[in-house]
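**Student:** Let me give you the structure first, and then I'll get to my questions.
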Amino acid sequence: MEIIHVSAECYPVAKVGGLGDVVGALPKYQAKLGHITKVVMPMYRTKFLYENDWELVHQSSQYLGPQWFNYNVIKEKTNKLGFDLYLVDINGLLDREKVYGYDDDTERFTSFQIAVCDWLSSWQHKPDIVHVHDHPTGLIPFMMKYCYAFRHLADVSSIVTIHNAQYQGWMGWDKSYYLPAWDTWKGGLLEWNNTINPLASAVKCAWKVTTVSYSYLNELKYMSNGLENLFEYEKGKSVGILNGIDNEVWDPATDHFLAKNYDAEKVDKGKSKNKKEICGQFGLDGDKPLFVFIGRLVGEKAADLLPDAISSSIYQHHGNCNFLVLGSGEPDVESHLETIKHQFGGYVNTYIGYSESLSHLLYAGADFLLMPSRVEPCGLNQMYALRYGTVPIVRSTGGLIDTVKDFGEYHGFGIRFDQAGVWDITYSVGRAVDLYYHKKNLLTWMQQYMMGIDHSWESSANEYLELYEGLK
Ligand code: ADP
């Protein structure tokens, strides 16, 4: 089969969160299973662009409303990522350093999607599957079916994967003229609550809808930022497929970002060397359990609770714990964290920003990973933590339910709590502190057990292929 993934992110080209990890890995594993997989994404001005060799494969122009634009499609020459990588260049719109966060994101991603459809329509043959991811590519299933210029693609199967339904790409009806001429009888397929809603449109128009965990699919029916009824209505064509992790990139035995590589047998020694490195760098006490948080400092991740939860844990557990936060996001949360860092010097430290290398070191050297998320469609952090023998402390939501079992249950290996609140986090930290100081053997058993759990992409990649096969 020939599968085209269209996405705003793909690791290592450009990554903001889990979407990048998934689109960097799933196509690679599909290619390993013998399929032709291509990833198409915007040509941002990232390091990857300048460090690799490219060939021009297509040049054309299109319209965003009355605005004419040129676009180029370039291809990475060596296939080093394990799939064909194509970047779409649109000067003035996509030539930026960041992926999202510009005032003209609507114009940027709409023109990107138009260029992709235009390019695919120009092919002599048709791909078997066009697989789009989240709202920045959500208009494609509609455009493939109902824009007159892209009729060539009308019978090509489209699939949308929902990595995060909180963001939907809303745009006013006054921008409907951005799309190339379309069948106006079908306007209802773009619409939700009086706006054009690209994510809702993808759910309506794609042949299949997938979410990145089973529990998230159920949650969307009662909590999806306004789309609850739509997910209920479209449940017949929706399935949950749990994300995998790229075991080649995330392997404590070979990970070159670590101070010391290790496997399950040497988990104790390996982790303590990495912990020593972190505690040295951040002025923390290596004899105390180290709790880390890695991620976007936003409400969805319940990052606003961290400052209070950390202070209250330090008081309640008599200073027998250390905390390190790696992330960036809402300015209020960042500054509150900076305050407690000064208040609890030697117990708390932060790295406000993005660091791929530090994240790897933290998964390896921490004892516990905190994920109090309010919303977590799948969550990759807890799966990386499991692979590196770091006990995840998670709120029971979305993919965290599907991947973490509390150690109070038979063969449990993590810590779970129900409410995204300071008290539940503090209490769970207490259970972890107790494990660390008083149940060392159990903790080592848990670490070795979790390192043996297989969350690799092989099985999830097969589930996607079965879904595609069903569309033939
Ligand atoms: P989301 O996509 O909602 O942000 P996921 O758990 O699916 O959350 O994926 C988060 C990914 O981003 C993980 O690979 C995590 O390690 C990485 N990440 C998040 N924030 C940072 C950061 N500040 N520095 C390094 N890596 C980060």
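**Student:** Only one of (1) within 7 Å of the ligand (Cβ to nearest atom); (2) surrounded by fewer than 24 Cβ atoms within 10 Å (Cβ to Cβ) fails for residue 378. Which number is that?
**Tutor:** Result: residue 378 fails condition (2) only.
**Student:** Out of the residues in the stretch 357-387 that are among the small types (Gly, Ala, Ser) and in a helix (DSSP H, G or I), which is farthest from the chain's Cα centre (by Cα)?
**Tutor:** 365
**Student:** Please tell me if residue 409 is out of contact with any Ser or Thr (no Cβ under 8 Å at 6 or more places or on another chain) and free of Cβ contacts under 8 Å to residues at least 12 places away in the same chain.
**Tutor:** Taking the combined requirement at face value, the residue satisfies it.
**Student:** More than 17 Å from residue 180 (Cβ to Cβ), open to solvent by 40 Å² or more (accessible area, probe 1.4 Å) and in contact with an Asp or Glu (Cβ under 6 Å, 6 or more places away or on another chain), is that true of residue 128?
**Tutor:** yes
**Student:** crowded, with 17+ Cβ neighbours inside 10 Å, in the same structural domain as residue 170 (by TED's automatic domain parsing), touching a residue at least 40 places away in the same chain (Cβ under 8 Å) and not in a loop (DSSP other than H, G, I, E, B) - does that describe any residue in the stretch 88-98?
**Tutor:** yes
**Student:** Another question, then. Among 406, 402, 418, which is the only one that is within 16 Å of the ligand (Cβ to nearest atom) and over 23 Å from residue 327 (Cβ atoms)?
**Tutor:** 402
**Student:** Starting from the stretch 118-131, take each residue that is under 12 Å from residue 144 (Cβ atoms) and list its partners that are in a strand (DSSP E or B) and among the charged types (D, E, K, R), counting only C-beta distances under 9 angstrom and pairs at least six apart or across chains.
**Tutor:** 126/2; 127/2; 127/38; 129/2
**Student:** Which pairs turn up if I take residues in the stretch 351-370 that are in the same structural domain as residue 322 (by TED's automatic domain parsing) and look for partners that are within 8 Å of the ligand (Cβ to nearest atom) and among the hydroxyl-bearing types (Ser, Thr, Tyr) with beta carbon separation below 7 Å, at least 6 apart in sequence or on another chain?
**Tutor:** 352/328; 353/328; 354/328; 358/351; 363/384
**Student:** Next question. Starting from the stretch 214-236, take each residue that is within 20 Å of residue 463 (Cα to Cα) and list its partners that are among the aliphatic types (A, V, I, L, M) and open to solvent by 30 Å² or more (accessible area, probe 1.4 Å), counting only C-beta distances under 6 angstrom and pairs at least six apart or across chains.
**Tutor:** Cβ pairs passing all conditions: 215/401.
**Student:** Of all residues in the stretch 1-16 being closer than 17 Å to residue 158 by Cβ and within 13 Å of the ligand (Cβ to nearest atom), which is surrounded by the fewest Cβ atoms within 10 Å (Cβ to Cβ)?
**Tutor:** Filtering first and then ranking leaves 8.
**Student:** For the stretch 388-398, enumerate the residues that are assigned to a strand (DSSP E or B) and open to solvent by 10 Å² or more (accessible area, probe 1.4 Å).
**Tutor:** If the condition is that a residue be assigned to a strand (DSSP E or B) and open to solvent by 10 Å² or more (accessible area, probe 1.4 Å), then 395 is the only one that fits.
**Student:** State all residues of the stretch 135-171 that are of a type in the set (Phe, Trp, Tyr) and touching a Lys or Arg at 6+ places or on another chain (Cβ under 8 Å); if no residue qualifies, say none.
**Tutor:** Hits for the stretch 135-171 are 142, 146.
**Student:** Which one of the conditions (1) under 24 Å from residue 144 (Cα atoms); (2) part of a strand (DSSP E or B); (3) open to solvent by 10 Å² or more (accessible area, probe 1.4 Å) does residue 19 fail to meet, given that it meets all the rest?
**Tutor:** Answer for residue 19: the failing condition is (2).
**Student:** So which helices (runs of 4 or more DSSP H) are wholly in the stretch 134-250 and hold at least 2 residues that are modelled with pLDDT of 95 or more and open to solvent by 40 Å² or more (accessible area, probe 1.4 Å)?
**Tutor:** Correct list: 140-146, 214-220, 228-233.
**Student:** For the stretch 63-78, check the following and say yes or no: at least one residue is under 21 Å from the mean Cα position of the chain (by Cα), assigned by TED's automatic domain parsing to the domain that holds residue 176 and closer than 20 Å to residue 122 by Cα.
**Tutor:** Taking every residue of the stretch 63-78 in turn, none turns out to be under 21 Å from the mean Cα position of the chain (by Cα), assigned by TED's automatic domain parsing to the domain that holds residue 176 and closer than 20 Å to residue 122 by Cα.
**Student:** Now for a different question. In the stretch 22-48, what residues are in a helix (DSSP H, G or I) and not hydroxyl-bearing (Ser, Thr, Tyr)?
**Tutor:** 22, 23, 24, 25, 26, 27, 28, 30, 31, 32, 47, 48 - these are the residues of the stretch 22-48 that are in a helix (DSSP H, G or I) and not hydroxyl-bearing (Ser, Thr, Tyr).
**Student:** Could I ask something else about it? Any idea which of 33, 26, 81, 49 is under 22 Å from residue 249 (Cα atoms), without any contact (Cβ under 8 Å) to a residue 40 or more places away in the chain and among the hydrophobic types (A, V, I, L, M, F, W, C)?
**Tutor:** 49
**Student:** Looking at (1) modelled with pLDDT of 95 or more; (2) among the hydrophobic types (A, V, I, L, M, F, W, C); (3) open to solvent by 10 Å² or more (accessible area, probe 1.4 Å), which is the one condition that is false for residue 369?
**Tutor:** (3)
**Student:** Restricting to helices (runs of 4 or more DSSP H) lying wholly in the stretch 413-472: which have 1 or more residues that are closer than 18 Å to residue 247 by Cβ and in contact with an Asp or Glu (Cβ under 9 Å, 6 or more places away or on another chain)?
**Tutor:** In the stretch 413-472, the matching helices (runs of 4 or more DSSP H) lie at 440-451, 457-469.
**Student:** Which one of 438, 411 is on the phi > 0 side of the Ramachandran plot and not assigned by TED's automatic domain parsing to the domain that holds residue 159?
**Tutor:** From the options 438, 411, the qualifying one is 411.
The values are calculated or read from the model by the stated rules, or taken from the named source; none is laboratory data. Worth saying up front: this structure is predicted, and the values here are computed from it rather than measured. All Cβ positions, glycine included, derive from the backbone under ideal geometry; neighbour counts span all protein chains shown. For accessibility, only protein heavy atoms count, side chains too; no ligands or nucleic acids. Shrake-Rupley method; radii C 1.70, N 1.55, O 1.52, S 1.80 Å.
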